[in-house]
Amino acid sequence: MARWRAGVYDAPMIESLIVAFDRALHTLTNAVTAARPTPASGVPDAELTVEDRRRAAGLMRVNHTGEVCAQALYSAQAFTARDRSIRARFAEAAREEEDHLAWTHERLDELGAHTSLFNPLWYAGSFAIGLAAGIGGDRWNLGFVVETERQVEEHLTAHLDRLPANDARSRAIVEQMRDDEARHGAMAYQAGGMPLPFPVRGAMRAAADVMRALAYRA
């Protein structure tokens with residue numbers, strides 16, 4: 001499948017748009033493969049009650065939807081980034097987020113659950129938000145990544161508290177995702193990310209809350 005490459009956005013705009021469309025198509029059709037083995041590899045799958053399985057599936061569906069949003073955000077933000085090195089950083093982060101997308105989709109399959117029916121909507125909305133962040137300039141673009149990853153790290157920590165205690169496979173995936181998100185946020189901060197105003201941070205949290213509530217159920 002097509003993958004991001006550092007410098008891919010040096011191509012003419014039409015080629016970059018084609019690459020962005022290709023990423024959207026692969027993301028929304030679940031045609032992704034992980035470059036790294038799933039953290040759940042070798043972890044035994046526990047016997048879950050019907051209620052525990054339903055709860056684990058809902059949480060992992062939210063996490064999968066979050067990765068759909070991440071693909072859209074990084075795609076749009078890389079498209080609008082001015083600095084070549086920042087585009088390369090976005091490309092590298094997108095590759096790791098693609099692993100998360102594949103891992104969570106695989107776990108949903110194991111739980112006998114489906115991905116969110118609203119994923120096309122989440123992707124389109126996140127792509128638009130990423131474009132807006134990028135248009136503001138590279139420091140705002142990076143600042144948006146810092147805040148996004150901070151909030152994602154928080155919600156993944158909350159998911160570890162809510163996942164069934166014996167669902168070791170889901171927990172292994174979420175723990176690795178949390179580590180990766182923290183690193184992406186630190187990367188963006190070190191690259192010069194600018195703190196976002198409180199109203200923007202609040203709006204981001206409110207939008208994420210809506211996404212989580214809907215994705216958990218459908």
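Quick note: the coordinates plus some simple rules give every number you see, no bench work behind them. From a predicted model like this one, the values you see are computed outputs, not experimental measurements. A quick note on method: Cβ atoms are made from the backbone with ideal geometry, for glycine too, and the neighbour counts reach across all protein chains shown.
Listed values, structure above:
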{"item": "Region 169-188, subset among the small types (Gly, Ala, Ser) and within 13 Å of the chain's Cα centre (by Cα), residue surrounded by the most Cβ atoms within 10 Å (Cβ to Cβ)", "result": "185"}
{"item": "Criterion: among the basic types (Lys, Arg), within 17 Å of the chain's Cα centre (by Cα) and closer than 24 Å to residue 52 by Cβ - qualifying residue of 212, 150, 217", "result": "212"}
{"item": "Top-ranked residue in region 97-147 [being hydroxyl-bearing (Ser, Thr, Tyr) and either on the phi > 0 side of the Ramachandran plot or in contact (Cβ under 8 Å) with a residue 60 or more places away in the chain (or both); ranked as surrounded by the most Cβ atoms within 10 Å (Cβ to Cβ)]", "result": "104"}
{"item": "Close pairs from region 184-198: first over 16 Å from residue 152 (Cα atoms) and in contact (Cβ under 8 Å) with a residue 60 or more places away in the chain, partner assigned to a helix (DSSP H, G or I) and not hydroxyl-bearing (Ser, Thr, Tyr), Cβ under 6 Å, at least 6 apart", "result": "191/142"}
{"item": "All positions within region 148-163 that are loosely packed, with under 15 Cβ neighbours inside 10 Å and either β-branched (Val, Ile, Thr) or closer than 23 Å to residue 24 by Cα (or both)", "result": "157"}
{"item": "Residue within region 107-119 that is basic (Lys, Arg), out of contact with any helix residue (DSSP H, G or I) (no Cβ under 7 Å at 6 or more places or on another chain) and farther than 19 Å from residue 24 by Cβ present", "result": "no"}
{"item": "Boolean, residue 111 is aliphatic (A, V, I, L, M) and over 25 Å from residue 86 (Cα atoms)", "result": "yes"}
{"item": "Helices (runs of 4 or more DSSP H) wholly inside region 46-157 that include at least 2 residues being in contact with a Phe, Trp or Tyr (Cβ under 9 Å, 6 or more places away or on another chain) and β-branched (Val, Ile, Thr)", "result": "50-80"}
